[in-house]
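The values are calculated or read from the model by the stated rules, or taken from the named source; none is laboratory data. It should be emphasised that the depicted structure is a prediction, and the values quoted were computed from it without experimental measurement. Quick reminder, even Gly has a Cβ in these numbers, built from the backbone with ideal geometry, and neighbours come from all protein chains shown. Accessible surface is based on the protein model in full, side chains and every heavy atom, while ligands, DNA and RNA are left aside. Shrake-Rupley method; radii C 1.70, N 1.55, O 1.52, S 1.80 Å.
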Amino acid sequence: MMIMITFVVFALLIGAMGIYLLRHRTGFMGIAATQAKMPATIFGWFFTVDAALLLISVVIYRNAPLPAGIFVIFATIMTTALALTVVRRLFK
């Protein structure tokens, strides 16, 4: 049960981050609007879809950690990629 709750909370966080990025495509995190549009759209859609797939995986597989864990790993890697993209564009 705790695994399911953890995955649902993680999916809500990732989904919220994806929706935030999709809604704030112009000038998010201090980046100029011309530089921010493409990364915000790409990462926003990825996080939103990943959160939906994570929730679907939790509903289907319940307490099995591997199927849902794959989506958590992908989200973690993409969060790191987003951080690197933002830092690179901020300090260009």
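Data for the structure
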read-out: Accessible carbon and sulfur surface of the chain relative to its total accessible area, %, 1.4 Å; value: 77
read-out: GNM flexibility winner over the chain from LEU53, LEU66, LEU12 (Cα, springs under 10 Å); value: LEU66
read-out: The chain: radius of gyration and largest Cα-Cα distance (Dmax), Å; value: 14.4, 45
read-out: Whole-number accessible area per residue in Å² for the chain, which is evaluated in the context of all protein chains at 1.4 Å; value: 64
read-out: Dipole-positive endmost among PHE43, PHE7, ILE73 within the chain (Cβ charges, Cα centre); value: PHE43
read-out: 3J(HN,Hα) from dihedral phi, region 58-63, Karplus parametrisation 6.51/-1.76/1.60, rounded to Hz, x for glycine, proline; value: 5, 5, 6, 9, 6, 8
